[in-house]
Amino acid sequence: MTLRAFDEPGAGEVVFRPGGRGDAAAIIGLIASENHRTAEPDRITRRLDQLPSVIAERDGDVVAFLYCRRFSPDMVELSNMVVASRERRSGLGARMVGILEPQLVELGFRAAIFVNCRLHVGATDARAAAARAFWLHQGYRIVFSTHGSVVFTKFLGDPPVDSDG
Ligand SMILES: CC(C)(COP(=O)(O)OP(=O)(O)OC[C@H]1O[C@@H](n2cnc3c(N)ncnc32)[C@H](O)[C@@H]1OP(=O)(O)O)[C@@H](O)C(=O)NCCC(=O)NCCS
């Protein structure tokens, strides 16, 4: 995947750029420090290789990431996203989603799906509530939920004419 800077770096500013396999270690570090769980390097590397992703850096440190995986030929799963605690509620997460979605549309994806589960190791009800508020704010809607998991979806671009979305 071609690497292309989204923004020119500025001292102390957050810079958004495409992710690549070289970011796997930093992503695993953020998952460990923020979500208190381990992650599979191969799986993350595969996802970074296959589809677009977004990395946010401040002064060279990865402070947030968002990557995805193919869910069906025209649906994409936003498979993981973390913003470092100290960077939250400043619009970073929304900005990353806003950067990624148009790239996914260009690749032919017509809908995105995201699953948030409060049963994961390290998850809490408060974090699940924050995630829920975040995805609703991004225009996603809840299509299904169980005791532990909530499935969010959104049409990317115009919904099909016969949909109820
Ligand atoms: C969910 C998460 C990615 C949000 O990232 P963020 O950069 O803080 O989100 P933003 O600042 O872009 O928030 C955009 C909007 O989402 C909503 N929102 C985000 N976090 C919220 C919270 N904790 N409580 C209520 N609303 C929230 C708000 O409407 C917010 O707009 P506002 O700040 O103007 O009110 C971040 O909290 C996170 O990394 N959580 C831990 C990991 C996790 O749960 N990952 C799974 C993601 S579903």
### Query
When residue 107 is evaluated against the numbered criteria (1) surrounded by 14 or more Cβ atoms within 10 Å (Cβ to Cβ); (2) at pLDDT 95 or above; (3) more than 9 Å from the ligand (Cβ to nearest atom), which criterion, by number, is the only one it fails?
(1)
### Message
Any residue at all in the range 8-26 that's more than 19 Å from residue 98 (Cβ to Cβ), of a type in the set (A, V, I, L, M, F, W, C) and modelled with pLDDT under 95?
### Response
yes
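Residue-by-condition table, conditions (1) part of a loop (DSSP other than H, G, I, E, B); (2) touching a Lys or Arg at 6+ places or on another chain (Cβ under 6 Å); (3) among the basic types (Lys, Arg):
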residue: 70; (1), (2), (3): no, no, yes
residue: 100; (1), (2), (3): no, no, no
residue: 121; (1), (2), (3): yes, yes, no
residue: 130; (1), (2), (3): no, no, no
residue: 133; (1), (2), (3): no, no, no
### Task
Go through the range 140-160 residue by residue and tally those that are touching a Ser or Thr at 6+ places or on another chain (Cβ under 8 Å) and either assigned to a loop (DSSP other than H, G, I, E, B) or closer than 13 Å to residue 75 by Cβ (or both).
4
### Query
In this structure, is residue 87 surrounded by fewer than 21 Cβ atoms within 10 Å (Cβ to Cβ), more than 12 Å from the ligand (Cβ to nearest atom) and of a type outside the set (Phe, Trp, Tyr)?
no
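Give the residue, chosen from 98, 91, 122, that is of a type outside the set (Lys, Arg) and within 16 Å of residue 53 (Cβ to Cβ). Give the derivation first.
Working: 91 fails: within 16 Å of residue 53 (Cβ to Cβ); 122 fails: within 16 Å of residue 53 (Cβ to Cβ).
When all the criteria are applied, what remains is 98.
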### Query
Out of all the residues in the range 22-29, is one or more loosely packed, with under 13 Cβ neighbours inside 10 Å, under 23 Å from residue 120 (Cα atoms) and free of Cβ contacts under 8 Å to residues at least 12 places away in the same chain?
no
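The values are calculated or read from the model by the stated rules, or taken from the named source; none is laboratory data. Since the structure is predicted, the reported quantities are computational estimates derived from the model, not experimental observations. Cβ sites come from the backbone with ideal geometry, for glycine too, and all protein chains shown count toward neighbours.
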